[in-house]
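Here is the structure we will look at.
The values are calculated or read from the model by the stated rules, or taken from the named source; none is laboratory data. A quick note: this is a predicted structure, and the numbers were derived from the prediction, not measured. Protein only, heavy atoms only, side chains kept; ligands, DNA and RNA dropped before computing areas. Shrake-Rupley method; radii C 1.70, N 1.55, O 1.52, S 1.80 Å.
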Amino acid sequence: MKKNTKSKALGVLSPRELEVLKLVVEGRTSKEIAGLFGVKPSSIDTYRSRIMAKLEIDDIPSLVRFAIRHGLIKP
């Protein structure tokens, strides 16, 4: 994928959403992430839902593939 396409895809996410995305695809639970940010797990579920909606991704495995393709995590 071209660099500007990568920027566009990630550009739709807020900095916090990007942080949550990285933690979700690393396999962290909503409860674990919530503990890191000092929020309720339901807030993390909302972040995850918004991230997936913005990226037009329907499931976690596809979210992981997206993160790998965009260099957010290593395969």
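Would you rank K74, K54, K31 by solvent-accessible area, highest first, keeping every protein chain in place and using a 1.4 Å probe?
Values: K74 180, K54 95, K31 155 Å².
My answer, sorted largest first, is K74, K31, K54.
Quick check on the chain: helices-only [θ] at 222 nm, where DSSP H runs of length 4 and up contribute -39,500 (n - 2.57) each and the sum goes over total residues. Nearest 500, please. Walk me through the numbers before you get to the answer.
Numbers: 5 runs with 53 residues, N = 75.
For the chain, the value works out to -21000 deg cm²/dmol.
Hey, what's the Kirkwood Rh for region 7-55 if you take every pair of different alpha carbons, in angstrom? Numbers along the way, then the final one.
Working: mean 1/r = 0.0933 Å⁻¹.
Every distinct Cα pair counted, the radius reaches 10.7 Å.
Taking the 0 to 90 degree range and rounding to the nearest ten, how far is the long axis of helix 15-25 tilted relative to the main principal axis of the chain, both from C-alpha atoms?
90
Relative contact order for the chain: what percent, with Cα pairs under 8 Å and sequence separation of 6 or more?
Working: 48 pairs, mean separation 25.0, N = 75.
Normalised by residue count, the contact order of the chain is 33 percent.
In the chain, carbon and sulfur make up what percent of the accessible area (probe 1.4 Å)?
Values: 2600 of 4970 Å².
Carbon with sulfur: 52 percent of the solvent-accessible area.
From the protein chains alone at 1.4 Å, what is the descending order of accessible area for S14, S42, largest first? Intermediate values should be presented prior to the final figure.
On the way: S14 40, S42 65 Å².
The most accessible residue leads, giving S42, S14.
Just to be sure I follow the rule: in the chain, considering lysines 8 or more places apart or on different chains, how many pairs have Cα atoms under 20 Å apart?
The result is 15.
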